[in-house]
Every structure is written in structure tokens, then in C-alpha cells.
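The values are calculated or read from the model by the stated rules, or taken from the named source; none is laboratory data. All figures in this text were calculated on a predicted structure; none of them were measured in a lab. Cβ placement follows ideal geometry from the backbone for every residue including glycine, while neighbour counts extend to all protein chains displayed. Just so you know, the surface numbers come from the protein's heavy atoms only, side chains and all, with ligands and any DNA or RNA stripped out. Shrake-Rupley method; radii C 1.70, N 1.55, O 1.52, S 1.80 Å.
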Amino acid sequence: MRRAAALAAVLLMVAACNRAPDTVTADLTSTVGAGQPGPSSNPTPSPVVREDAAPTPAPVATPPSASTRSETPAPIATPLTAVDKGETGARDVLLTWARALELGDYDRAFAQWGTEAEARSGMTRTGHAAYWRKFKTITVAVPTGTMDGAMGSSYYQVPTTVVGKQRANGKPYRLAGTVTLRRVKDVDGATADQLRWHIEQVDLKPVT
């Protein structure tokens, strides 16, 4: 009896040892099935993009060296023709001035005074625009003028009238007087501005 009991005890211990691995495997399988993937099932992690990461700077173009950079030639002033120097040239400037005023292009009208516009007109560009802007409508009449020459300059004088309506009250107005254009004759030392026709004086007064 004692030998049989001892043998039975040994068999029970052997059976218990054989069942232990099955229990561990079952526990691991249960854990994986509950949402804990094993090492072989892990997905490849996605790269993390930081919103505050500095952007990659764009490549900066290297400017050409001085030896390879082409030089742009300065513009050459167009030489004046005989027509530019005569009455036709003077009237071109005069009509440009008159048309610019009628269209409200006061800067273009001011430009017809030449590079010394402020000194010749006695007004700044802003003051010139403010003066003509007070007229709601402008119509300029410039009939044929007269040519004259004195002291190395040519002059072209034109009797001029300007009519229209005032902006403030809509009442009609009328200006009358003389517009004088001038150009320096072909003498040494004269600048390009002096050689071209430009408005020299506008003498217009209100007429009632």
C-alpha cells in the first residue's frame, strides 16, 4: 500500500509539471487577444510632424559676378528735328497741356512745364493739381499763336481761353489770357530740357 501511494504521488507531480506550460501559453494568448499585440504585429510608426518646425529654407540664387553681368547702356536722347524746333513742336506741347487739363490728368499737364516746372509755374505739383481741381469741367481753346525770338531763345505765344463749370457751386467760369512757350536755340551749354519746347508762363485771369 505504501508503495502504491508513493507511486501515485509521483504520477500526480509529473502530470502537474506537464500542464504548467499549457497554462502560461493560454494566459499569453488571452492577453494578446485582449488588444495587446505581440512584437511581430506592431505597425511601422508614422513620422511625427511638428507644427512649429522651421521650414526648409529655399535655395538662394547666386548673383552673377561683375565679369559676367552685362551692363545696360544709358538711354540716348532723341535728337530734335527741324519740326520739333519749330511751331509744330511748340503746339505739340501746348495741345498736350490743354488735353491733359480737360481729362483731369494734372500731373501730365504739369510735366509740360519741363524739369524746372516749380520755378517756372510758381507752384508745386500738388498746388498745381489743387488749383485746377476746383473746376468741375475744363475746356481749353488754343488758336494759332505767334513765333518770336530774342536773346538766344524762341517763344511761342498763344491767346488762350478756358471755360467750364466750378466744382463748388456748378456756376460757369471763364479764364482768358496768354500761354507762352519757350525753347533755347541751339547754343553750346544748353541742356536737353532747355532745347525742347516747354511752357514758360500761363497768364490767365477770370473774365466776368
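I'd like the residue in the range 166-206 that is of a type in the set (A, V, I, L, M, F, W, C) and at pLDDT below 95 and, out of all such residues, is farthest from the chain's Cα centre (by Cα). Steps first, answer last, please.
Of all residues in the range 166-206, those of a type in the set (A, V, I, L, M, F, W, C) come to 168, 175-176, 179, 181, 184, 187, 190, 192, 195, 197, 199, 202, 204.
Keeping just the survivors that are at pLDDT below 95 gives 184, 187, 190, 192, 195.
Working: Val184: 38, Val187: 41, Ala190: 36, Ala192: 30, Leu195: 34 Å.
Out of the qualifying residues, it is Val187.
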If we keep just the residues of the range 179-191 that are open to solvent by 50 Å² or more (accessible area, probe 1.4 Å) and basic (Lys, Arg), which is nearest to Asp92 (Cα to Cα)? Arg182
The correct count of residues that are part of a helix (DSSP H, G or I) and open to solvent by 60 Å² or more (accessible area, probe 1.4 Å) in the range 91-108 is 7
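Might you let me know whether the range 130-140 holds any residue that is of a type in the set (Ser, Thr, Tyr), more than 19 Å from Leu94 (Cβ to Cβ), in contact with a strand residue (DSSP E or B) (Cβ under 8 Å, 6 or more places away or on another chain) and at pLDDT 95 or above?
Looking only at the range 130-140, we keep the residues that are of a type in the set (Ser, Thr, Tyr), and these are 131, 137, 139.
Filter once more, so that each one left must be more than 19 Å from Leu94 (Cβ to Cβ): 137.
This time we only want the ones that are in contact with a strand residue (DSSP E or B) (Cβ under 8 Å, 6 or more places away or on another chain), so: 137.
The next check asks that each one be at pLDDT 95 or above; those that pass are 137.
Among the residues of the range 130-140, at least one is of a type in the set (Ser, Thr, Tyr), more than 19 Å from Leu94 (Cβ to Cβ), in contact with a strand residue (DSSP E or B) (Cβ under 8 Å, 6 or more places away or on another chain) and at pLDDT 95 or above, which makes the answer yes.
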Say we look at the range 129-141 and pick out the residues that are of a type in the set (Lys, Arg) and either touching a Leu at 6+ places or on another chain (Cβ under 8 Å) or not in a helix (DSSP H, G or I) (or both); which of these is nearest to Ile199 (Cα to Cα)? Lys134
Answer residue from the range 129-140, given it is open to solvent by less than 60 Å² (accessible area, probe 1.4 Å) and without any contact (Cβ under 8 Å) to a residue 24 or more places away in the chain and is nearest to Val184 (Cα to Cα) among those: Ala129
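Looking only at the range 100-118, decide whether some residue is among the polar types (S, T, N, Q) and touching a residue at least 40 places away in the same chain (Cβ under 8 Å).
Keep residues of the range 100-118 that are among the polar types (S, T, N, Q), which gives 112, 115.
Pick out the ones that are also touching a residue at least 40 places away in the same chain (Cβ under 8 Å) and you get 112, 115.
For the range 100-118, residues among the polar types (S, T, N, Q) and touching a residue at least 40 places away in the same chain (Cβ under 8 Å): present.
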Please pick out the residue among Thr144, Thr126, Thr88 that is without any contact (Cβ under 8 Å) to a residue 40 or more places away in the chain, out of contact with any His (no Cβ under 7 Å at 6 or more places or on another chain), open to solvent by 70 Å² or more (accessible area, probe 1.4 Å) and assigned to a loop (DSSP other than H, G, I, E, B). Thr144
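Go through the range 153-178 and give me each residue that's among the small types (Gly, Ala, Ser), farther than 16 Å from Val207 by Cα and open to solvent by less than 30 Å² (accessible area, probe 1.4 Å).
Step one: list which residues in the range 153-178 are among the small types (Gly, Ala, Ser), which gives 153-154, 164, 168, 170, 176-177.
Subset that is farther than 16 Å from Val207 by Cα: 153-154, 168, 170.
Matches in the range 153-178: Ser153, Ser154.
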